[in-house]
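A short worksheet on the structure shown next.
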Amino acid sequence: MALTQQITDGVHRVADGLVNWYLVDDGGEVAIYDADWPRSWPRVEAAIKELGRTAGDVIAIVLTHGHPDPLGAAAWVKDVTPFTTDAVLDVPGRPRVVATPGHTAGHVSFLLEDRGVVVTGDAIATFNVLTRSEGPQLMPDALNADPQRTRKSLDILADLSADTLLPGHGDPFHGRPADAGDRATHRARS
């Protein structure tokens, strides 16, 4: 059974139970977007191998936020480089850093502009880890540091030009970020 699911050219999803993380392969160099659970390094290596790459091809791990589920394989990295919002990172996928606070104070999403993809982390989900409901939605308020800011971050995502959202929990959302945000907002009000 394949560990990876190709989303678009060079962008692959790996689902590990309730958590997603992503591999971006760009000319033989690989970046990990979020990094699974701390115990998951063997699974990370297996997914990289499935792409025909090795752990030595990984040049970056970029994280949407500092919770245990995206931090995982980052524990294997020795050098840490901070980044700022609106920066375009020189890593596979060339993501633009977009501030989407609320789930955590420093939460960010990554817009891969040339691929029409946004890695949203936990700014929006398509699976509720508590109720198991599916479809675009916010993480439960109990799991957000600032639920009001989380809701405002939907407006930030809505302005992005993309056609696929890659959440930390749930299946990819194919459609405009604004549509996903509208559905999540409607769901939050009901």
Item to check | Burial ranking of peptide ranges 121-132, 51-62 (average Cβ count within 10 Å, highest at the top) | outcome: 121-132, 51-62
Next on the checklist: Taking all protein chains in place and a 1.4 Å probe, what share, in percent, of the accessible surface of the chain do carbon and sulfur account for?
Outcome noted: 50
Checklist outcome for this item: Residue separation between residue 5 and residue 84 times 0.36 nm, minus their alpha-carbon distance, gives in nm 25.5 nm
Checklist entry - Can you give the extra length, in nm with one decimal, that the chain gains between residue 55 and residue 133 once fully stretched, where that is 0.36 nm per residue apart less the Cα-Cα distance? => result 24.6 nm
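One-quarter of the Cα convex hull surface for the chain, in nm²?
Projected over every direction and averaged, the Cα hull of the chain covers 9.8 nm².
What number comes out for accessible area per residue over the chain if the probe is 1.4 Å? Units Å², please.
Result: 48 Å² of accessible area for each residue.
The values are calculated or read from the model by the stated rules, or taken from the named source; none is laboratory data. In this text, all values refer to a predicted model and were calculated from it rather than measured experimentally. No Cβ is skipped: glycine too gets one built from the backbone with ideal geometry, and neighbour counts run over all protein chains shown. Quick note on the areas: whole protein, heavy atoms, side chains included, nothing else; ligands and nucleic acids left out. Shrake-Rupley method; radii C 1.70, N 1.55, O 1.52, S 1.80 Å.
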